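Written out below as structure tokens is the structure these notes cover.
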Amino acid sequence: MRETVEILGVQIDKITAADALKKAEELVRTPGVSAIYTPNPEIVMAGYQDPEFCKVLNQADLCTPDGIGVVYASRMLKNPVPERVAGFDLTCALLESIAKTGEGVFLFGAKPGVAEKAKEKLEETYPNLVVSGCRDGYFKPEDEPEIIEQINRSGAKLLLVCLGAPKQEKWIHQNRDKLQVNLCMGVGGALDVFAGEVKRAPEIFIKCNLEWLYRFLKQPSRLGRFKALPKFILTVKKEG
Ligand code: UDP
């Protein structure tokens, strides 16, 4: 049974990082396509504004609170999640785990060449990891059957979909019944970080809940996206 808090219509799991990993490990070994999403405030806000997207998020098997804003929102609603569970951290922990148990991962998304670079780097970090295939995230609708075929043929049990939100969650939702993997995860810019194209914030920023500030300082073009945060908090306060 999932224990969740509803934030602006989106069900967020009240789960620790350790339990989220246990659940992901179980899902990656269980036949039938499961989905994990990792909503940050921007994604929850998108769900609030788009009922279709909200439905997609609520059909996940696990929705972890990625972003300190979501943690604060749950506290404001007096139904707190235990901690932030960042999609990137959960992905790393799961990759480390399946490197030991042998399930393969397919890397789908990011600009051409990035997934291949991520594969190389991941194989250095987790020497026994099976990367079953790669595919960039820039495609036409008519390419989709071939992409699904490539993923299914690869035999991967875990599919990382890195197309940015809400595209990745909608893609997973639309193709769930055609895929033969066990678990799909929508994890945004993770492949860019694995490939070394984008740097994750230093530990101190993460510990102080200031990862958003680091990302902003590194990419000021994201300003528009950060403006969503105060709006998110105000909306939670209003809609409570
Ligand atoms: N992306 C993609 N296909 C698209 C649009 C975006 O593969 O049609 C990729 C983009 O190259 C990047 C990722 O999706 O690697 C989104 O990164 P972002 O940092 O925006 O993710 P988020 O902040 O949502 O985690």
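Checking the a/c ratio against 1.5 first, then a/b against b/c, what shape does the Cα gyration tensor give for region 151-203? Prolate. Since only ILE7, PRO127, ALA156 are under comparison, the one whose Cα sits farthest along the positive direction of the charge dipole of the chain, derived from C-beta charges on Lys, Arg, Asp and Glu, is ILE7. Close amide H contacts of LEU62 (hydrogens built in the peptide plane, cut-off under 5 Å, sequence separation of 5 or more or a different chain): ALA35, TYR37.
Here the Gaussian network model covers the chain, with springs between Cα atoms less than 10 Å apart; of ALA228, ALA20, ALA165, ALA228 fluctuates the most. Measuring how big the chain is from its alpha-carbon positions, Rg and Dmax come out at 17.0, 49 Å.
Largest mean-square fluctuation among GLN168, GLN180, GLN219, in a Gaussian network model of the chain whose springs join Cα atoms under 10 Å apart, belongs to GLN219. In the elastic network of the chain, a GNM with C-alpha springs shorter than 10 Å, the most mobile of TYR37, TYR214, TYR48 is TYR214. A helix-only calculation puts the chain at -14500 deg cm²/dmol for mean residue ellipticity at 222 nm, using -39500 (n - 2.57) for each DSSP H run of at least four residues, averaged over all residues.
Quick one: work out the % antiparallel among DSSP beta bridges in the chain, nearest 5. Could the numbers behind the result be given before it?
Working: 4 of 24 bridges.
Restricted to the chain, the bridges split so that about 15 percent are antiparallel.
Using the Stokes-Einstein relation with a Kirkwood hydrodynamic radius computed over Cα pairs, the translational diffusion coefficient of region 25-152 at 25 °C and a viscosity of 0.890 mPa s comes to 147 µm²/s. Derived from the Cα gyration tensor, the three semi-axes of the equivalent ellipsoid of region 179-220 are 26, 12, 9 Å, largest first. Using a cut-off of 27 Å between Cα atoms, the listed pairs LYS78/LYS227; LYS78/LYS157; LYS14/LYS111; LYS14/LYS237; LYS121/LYS167; LYS55/LYS178 include LYS78/LYS157; LYS14/LYS111 as exceeding that distance. Relative to one another, the C-alpha centroids of region 71-121 and region 179-240 are positioned 12 Å apart. Taken along its principal axes, the alpha carbon cloud of region 163-240 reaches lengths of 39, 39, 24 Å, longest axis first.
Among residues other than ILE43 with Cβ under 13 Å from its Cβ, the summed charge is -1 (Lys and Arg +1, Asp and Glu -1). Converting phi to 3J(HN,Hα) with the Karplus coefficients 6.51, -1.76 and 1.60 and the offset θ = phi - 60°, region 178-184 yields 9, 7, 10, 7, 8, 9, 10 Hz in sequence order, with x at every glycine or proline.
None of the figures in this text is laboratory data; all of them are computed from the coordinates on show. Source: prediction; values computed, not measured. Cβ: placed from backbone, ideal geometry, glycine included. Neighbour counts: every protein chain shown.
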